[in-house]
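Coordinate-derived values only; no laboratory data. Predicted model, so just to flag it, every value in this text is computed and none were measured. Here the Cβ positions follow ideal geometry from the backbone for every residue, glycine too, while neighbour counts run over all protein chains shown.
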Amino acid sequence: MIPPFAALIGAWLLNAAWPLVAADGLKFFSVVLFMHGGILIGLAVLLPWLVPAERRRWIWRMQTFKPLLMITLVNGLASLIYLKAVCYTTPANAAVMAQSEVLYSAVLSVLFLGESIGPAQVAASLLVMTGTGLIMIHDLGSLRWKGDLMIAATPWMYQVGHVMAKRLPKDFDPVTMSAIRLLYAAILMIPLSWWVLAHGGRWEFSGPAVSILLAQGVFINALALSLWYLAILRMDLAKSTAFLLSYPALTMTFSWLLGFEKISAIQVAGLAVTLSGAWWLSRLHLNGVRH
């Protein structure tokens, strides 16, 4: 089994790429069709994991059916809003606006999971938020507010889903959980995709379109989701979320490397502050494991 912090690092890298994958994918597909297509591909990747009977039984167990269905609905709605928002704003802005999740994570973790938030963790979380805010300060006067506000409204939905996932049975393994979530989502989205197709939804089967859809399905829907659950089911939710929210700095770095962003001094400063907060949070987790 992958160590939880290693899984968190993997989820961090993949989440940093998601805004870029989404922005590219939405050039070829409508939001609903891109999301549903990615889910179907992710399900195809994880479906073999559900072949053993001891894993399949989780699909219809009432103990997990209702919570997983609610998680699928809430997180699915958040993802739809997020993808739609990417149509209005930039991938880097999308990643940065999602940093508000650290606040929802801390509040929900204290209220419903009984996790403690120490002064050091608060300070490290503030570093993450300050750094990612610095990265995009030069865009504060832009007209991207519509997409930014849409994304800022979604983190609480993800956090509700994460809190519910933490309360699922301890013997419910993360990969099975991810596969069943994708199964539920694939079924639930059929009427919506049908409606979009009937009303002129965009889709394309060119080489670039299929490649980006495969990237969404394999790396974001299957791998990133499984790694995230591997991490949060064995770590404090607030701590893992706060670390993950340093990914806007990495998204910006990917944009620089791909030639989409020009490096400025304030972006470099924001990158340094954000990664400092992420490093501090990682040390807090590792020290907690040792003790």
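Starting from the Cα gyration tensor of segment 11-78, take the square roots of the eigenvalues, sort them a ≥ b ≥ c, and report rounded, prolate or oblate (rounded when a/c is under 1.5, otherwise prolate if a/b is larger than b/c, else oblate).
Note, shape of segment 11-78 comes out prolate.
Any lysines with Cα under 19 Å of the LYS166 Cα? List them, leaving off those in the same chain fewer than 8 positions away.
Filter leaves LYS66, LYS239.
Quick check on the exposure proxy: order PHE205, PHE243 from fewest to most C-beta atoms within 10 angstrom.
PHE205, PHE243
When the convex hull of the Cα atoms of segment 164-242 is projected onto a plane and the area is averaged over all directions, what value comes out in nm²?
Mean shadow area of the hull around the Cα atoms is 6.8 nm².
Report the gain in length on full extension from TRP279 to MET62: 0.36 nm times residue separation, minus Cα-Cα distance, nm rounded to one decimal.
74.1 nm
Just want the ordering: LYS146, LYS170, from fewest to most Cβ atoms lying within 10 Å of their own Cβ.
LYS170, LYS146
Taking 22 Å as R0, compute the FRET efficiency from the Cβ-Cβ separation of ALA123 and SER264 and round it to 0.05.
0.25
So if each residue of separation counts as 0.36 nm, and I subtract the Cα-Cα distance between LEU257 and SER206, what length gain in nm does that give?
Gain in length upon complete extension: 15.8 nm.
Just grab the label-to-label distance for LEU192 and LEU69, each label 7 Å out from Cα along the Cβ direction, in nm (one decimal).
Label-label distance for LEU192 and LEU69, simple model: 1.7 nm.
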